[in-house]
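One structure is given here, and the rest of the page talks about it.
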Amino acid sequence: MKECKLEEMFKLRLSFMNMMKDTIPGSYPDFPVNISEKASQQVCRDLALKGVEEMFEALQHLKNWKPHRVTNVEQELDREEFLEEIVDALNYFFAMLIVTGFNEKELFEAYLKKDTKIRKRLLEGY
């Protein structure tokens, strides 16, 4: 059976993380980590902040978002660079999931559960 794209993305990130550990000792802790421990939470925080930084880099490509600006910036958005920054962010978020022991199936199940919850909220006037 052909693996899903999300599973493939997790496998690629895990493979890269293992390469990093072999090439640059200390780049990642041994995982899965115990998320209750202080050092593990610091690792998660660092990975999350790196992902957020990459999202901010993606946002730097957007020039016409200010509601008070009357004129548009006449600059073509580089979609490829914009998407590359988002991929960088996803890589850090996937790494955070991997070091804490989550896999693509758990992420997908949590996504479905949350999707059901937010749709219910919308219909019930949350």
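The values are calculated or read from the model by the stated rules, or taken from the named source; none is laboratory data. All values derive from a computational prediction rather than experimental measurement. Glycine gets a Cβ as well: all are built from the backbone with ideal geometry, and neighbour counts include every protein chain shown. Areas reflect the complete protein model, heavy atoms only, side chains present, ligands, DNA and RNA absent. Shrake-Rupley method; radii C 1.70, N 1.55, O 1.52, S 1.80 Å.
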*Relative to the compact-globule scaling 2.2 N^0.38 Å, provide the ratio for the alpha-carbon radius of gyration of the chain.*
1.32
_Dipole moment magnitude, nearest 20 debye, the chain about Cα centre, only Lys, Arg, Asp, Glu C-beta charged_ = 720 debye
*Could you give the accessible area per residue of the chain, probe 1.4 Å, as a whole number in Å²?*
81 Å²
*For the chain, what % of the accessible area comes from carbon and sulfur atoms, probe 1.4 Å?*
58 percent
_Let me cross-check VAL70: its accessible surface, 1.4 Å probe, with only protein heavy atoms counted, in Å² to the nearest 10?_
140 Å²
*By what distance, in whole Å, do the Cα atoms of segment 49-113 stretch along each of the three principal axes, largest value first?*
47, 23, 20
*Mind scanning LYS21/LYS114; LYS11/LYS114; LYS21/LYS113; LYS21/LYS117 and naming the pairs with a C-alpha gap bigger than 26 Å?*
LYS21/LYS114; LYS21/LYS113; LYS21/LYS117
_Solvent-accessible area of ASP46, probe 1.4 Å, all protein chains present, reported in Å² to the nearest ten, please._
90 Å²
